[in-house]
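Shown next, in structure tokens, is the structure this report addresses.
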Amino acid sequence: MSETRRQIIDNIRASLGRGPLPDGVVTQLRARISEPEQGIRPRFDQDLAERFGEKLQSVAGTLTRVATLNDVPSAIQQYLDQHQLSKNIVMSTHAVLDGIEWPEDWEIEQRPARGEDTISVTGAYAGVAETGTVAILSGTESPSTLNFLPDDHIVVIRMDQIVSHFEDLWWLLQKQDLDMPRTVNLITGPSRTADVEQTIQLGAHGPRRFHVVLVEQRE
């Protein structure tokens, strides 16, 4: 527990006129947190990667599967060529992108996105097979502007980062004892709205296109 969180909890206890919890209660609560009860979840028998891809594409996202991280640049190049996009890319410093050799003719900047940026490439914390959702944690290595400002958002994620259900995502965060980021962005396909005459329009509140490069290579 961080010192700031401990201080907040101590202040709440003081305002309620309560002291520290008895050791027995603390032990019981820690046991409940370490092994939470599992609720009812939708059942599916599909392979997680197949389910993830199917659900992602059902909400207008696109997917390319590659064998290794070394294959990522060529997969992205195919995407750029398909949509006749430039090679000016703003990119996160996410760990999954470390060590990838990008083509020399690409103009890459690692920084938060600005209004004029059109293409972003980021990593992700996890993918959720249940809905084809990508979870991205905000932070210095992954500014949230990369997820919302460019028209095209490309996410690179390894197959071993895909979890089954949303509950598994939160459990993973807790299990890894990570400090909760300011924002957990849950992205399920490109931004859309039907406010205008009930007609679906993509890119209303974020990227017009959302593409995932799924890497079979594990960590």
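The values are calculated or read from the model by the stated rules, or taken from the named source; none is laboratory data. All figures in this text were calculated on a predicted structure; none of them were measured in a lab. Methodologically, a virtual Cβ is constructed for each residue, glycine included, from the backbone with ideal geometry; neighbour enumeration extends over all protein chains shown.
Since GLU141 meets every condition but one in (1) within 25 Å of HIS83 (Cα to Cα); (2) surrounded by fewer than 20 Cβ atoms within 10 Å (Cβ to Cβ); (3) in contact with a Ser or Thr (Cβ under 6 Å, 6 or more places away or on another chain), which condition does it not meet? The single condition GLU141 does not satisfy is (1).
Out of the residues in segment 53-75 meeting the condition of being assigned to a loop (DSSP other than H, G, I, E, B) and β-branched (Val, Ile, Thr), tell me which one is farthest from the chain's Cα centre (by Cα). First the steps, then the outcome.
In the first step, residues of segment 53-75 are kept if they are assigned to a loop (DSSP other than H, G, I, E, B); the result is 59-61, 67-68.
Filter once more, keeping what is β-branched (Val, Ile, Thr): 59, 68.
Values: VAL59: 16, THR68: 20 Å.
That would be THR68.
Here segment 149-172 is the region considered, the condition is being part of a helix (DSSP H, G or I) and touching a strand residue (DSSP E or B) at 6+ places or on another chain (Cβ under 8 Å), and the residue that is modelled with the lowest pLDDT is LEU172. A single entry from SER92, SER120 fulfils the requirement of being within 13 Å of the chain's Cα centre (by Cα) and either buried (at least 17 other Cβ atoms within 10 Å of the Cβ) or modelled with pLDDT under 95 (or both): SER92. Within segment 173-195, being of a type outside the set (S, T, N, Q), within 23 Å of ARG6 (Cβ to Cβ) and not in a strand (DSSP E or B) holds for LEU173, LYS175, ASP177, LEU178, ASP179, MET180, PRO181, ARG182. Residues that are in a strand (DSSP E or B) and small (Gly, Ala, Ser) do not occur anywhere in segment 96-117.
Checking each residue in segment 41-74 for being of a type in the set (Asp, Glu) and more than 16 Å from ILE157 (Cβ to Cβ) picks out only ASP45. For segment 11-31, a tally of residues being farther than 23 Å from LYS175 by Cβ, outside any loop (DSSP other than H, G, I, E, B) and not β-branched (Val, Ile, Thr) returns 6. Being more than 22 Å from the chain's Cα centre (by Cα), assigned to a helix (DSSP H, G or I) and at pLDDT 95 or above is a property that holds for GLN78.
Which residues, counting only those in segment 75-90, are closer than 16 Å to ILE157 by Cβ and free of Cβ contacts under 8 Å to residues at least 40 places away in the same chain? Outline the logic, then answer.
Here is the first cut: in segment 75-90, the ones closer than 16 Å to ILE157 by Cβ are 75-76, 79.
Those that are closer than 16 Å to ILE157 by Cβ and free of Cβ contacts under 8 Å to residues at least 40 places away in the same chain: none in segment 75-90.
Going through (1) outside any helix (DSSP H, G or I); (2) closer than 26 Å to LYS175 by Cβ one by one, ILE8 falls short only on (1). Taking (1) buried (at least 16 other Cβ atoms within 10 Å of the Cβ); (2) touching a strand residue (DSSP E or B) at 6+ places or on another chain (Cβ under 7 Å) in turn, GLN57 satisfies each apart from (1).
Determine which member of the set ARG18, ARG30, ARG5, ARG43 is surrounded by 11 or more Cβ atoms within 10 Å (Cβ to Cβ) and charged (D, E, K, R).
On the way: ARG18 fails: surrounded by 11 or more Cβ atoms within 10 Å (Cβ to Cβ); ARG30 fails: surrounded by 11 or more Cβ atoms within 10 Å (Cβ to Cβ); ARG43 fails: surrounded by 11 or more Cβ atoms within 10 Å (Cβ to Cβ).
Exactly one residue qualifies, and that residue is ARG5.
The set of residues in segment 32-49 that are of a type in the set (S, T, N, Q) and in a loop (DSSP other than H, G, I, E, B) comprises GLN38, GLN46.
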